Amino acid sequence: MADAALVAFLRSWLPRLGLRWPGYRKVRGIIGKRLKRRLAELGVPDLSAYEGVLVRDPDEQARLDAMCRIPISRFYRDRATFDVISQRLLPEAAQRATARGDNAARCWSAGCASGEEPYTLSIAWHFNVAPGWPALRFTVTATDADETLIERAKVACYNSSSLKELPPAWRQQAFFARGPLFCLTNDFRQNVHFELQDIRRAMPAGPFDLIFCRNPVFTYFDEPLQQRLTGEFNSRLLPGGHLVVGSHEILPGAASGFARLAPGLPIYRREPRDP
Ligand SMILES: C[S@@+](CC[C@H](N)C(=O)[O-])C[C@H]1O[C@@H](n2cnc3c(N)ncnc32)[C@H](O)[C@@H]1O
């Protein structure tokens, strides 16, 4: 498949799905391979013939949308950010939950892939926070639009490459070997609840102390969708709560109600609202 044809196709179709071309520039090879496979399955000769199928068939548009999801993730992904999360954001969430008389601190991992991010939070809480707040529960709601990923997340077994950024002591204590895979023990799984949800259509009610939306929305979604979802995140955060985005992501220009925690950190604090 010629790169120029792929680029023209993506530039034309991504906006119709609420997605943006600049987010896909670097990963277009992945989408190109998926499209090539799909064209072969359908017996369609090229992308312009495939456009005809898309125009006629809304189900095929949903399939294209699914082909545009990028499932890359790792435990403790972006170490510098996770250091701040585990040493500062989680203990602060514990303090706020205790101060408001709550029995739990609550997080949402939006676009959780195969569970690497929500389980990292569970592990970090267990080792860094739980010893100081033994009576406080920690819950993570983890959502993704991809059913296969959610099912994989529930199984919670991973290749060693998924664990390479996790602190070695945590890796040793949280996982057991099963053949070539490393499986998470039950202690770290029971407080993580997975739901199949397309964030454009549904999301958990909350409210949450922390929301993680790292690498689906602010890279791949178009600006109007980013604006709308930023507002939805804001309304689901408890006072003092934080929104964490991907390390190369920033909130859209006109987003209000958030202040960046520090320059260069992909973490935003919910600003106080008028009473
Ligand atoms: C690049 S991964 C990021 C995983 C994790 N948050 C991280 O940063 O390591 C993006 C995830 O977002 C999910 N995703 C993409 N579009 C979505 C949508 N509309 N609703 C919910 N999840 C979506 C994908 O299936 C994928 O698992």
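Every number here is computed from the coordinates shown, using simple stated rules; none is lab data. Everything quoted here is computed from the prediction, not taken from an experiment. Every residue, glycine as well, gets a Cβ built from its backbone with ideal geometry; the counts of neighbours run over all protein chains shown.
For this structure, a couple of remarks:
- Meets criteria (in contact with a Cys (Cβ under 9 Å, 6 or more places away or on another chain), among the β-branched types (Val, Ile, Thr), more than 27 Å from residue 236 (Cα to Cα) and within 16 Å of the ligand (Cβ to nearest atom)) for residue 155: yes
- Residues in region 117-152 that are surrounded by fewer than 23 Cβ atoms within 10 Å (Cβ to Cβ) and in contact with a Ser or Thr (Cβ under 6 Å, 6 or more places away or on another chain) were compared, and the one that is farthest from residue 72 (Cα to Cα) is 128.
- Taking (1) under 29 Å from residue 162 (Cα atoms); (2) more than 16 Å from the ligand (Cβ to nearest atom) in turn, residue 48 satisfies each apart from (1).
- Test: residue in region 100-114 that is more than 12 Å from the ligand (Cβ to nearest atom), acidic (Asp, Glu) and assigned to a helix (DSSP H, G or I): no
- Cβ separations smaller than 7 Å between residues 6+ apart or across chains give the following pairs from region 226-248 residues that are without any contact (Cβ under 8 Å) to a residue 60 or more places away in the chain to residues that are of a type in the set (Ser, Thr, Tyr): 243/268.
- Complete set of residues in region 174-224 that are of a type outside the set (Phe, Trp, Tyr), free of Cβ contacts under 8 Å to residues at least 40 places away in the same chain and more than 23 Å from residue 24 (Cβ to Cβ): 177, 178, 179, 180, 181, 183, 185, 186, 190, 202, 205
- The residues in region 240-265 that are within 16 Å of the ligand (Cβ to nearest atom), touching a Phe, Trp or Tyr at 6+ places or on another chain (Cβ under 7 Å) and among the small types (Gly, Ala, Ser) can be counted, and the count is 1.
- The residue list 191, 215 contains one member that is closer than 23 Å to residue 237 by Cα and touching a Ser or Thr at 6+ places or on another chain (Cβ under 6 Å), which is 191.
- Of the residues making up region 23-40, just one is without any contact (Cβ under 8 Å) to a residue 24 or more places away in the chain and under 19 Å from the mean Cα position of the chain (by Cα), namely 26.
- The set of residues from region 121-170 being closer than 17 Å to residue 192 by Cα and basic (Lys, Arg) comprises 137, 152, 154.
- Qualifying residues in region 84-108 (those that are out of contact with any Ser or Thr (no Cβ under 9 Å at 6 or more places or on another chain), of a type in the set (S, T, N, Q) and in contact (Cβ under 8 Å) with a residue 24 or more places away in the chain) - the one surrounded by the fewest Cβ atoms within 10 Å (Cβ to Cβ): 103
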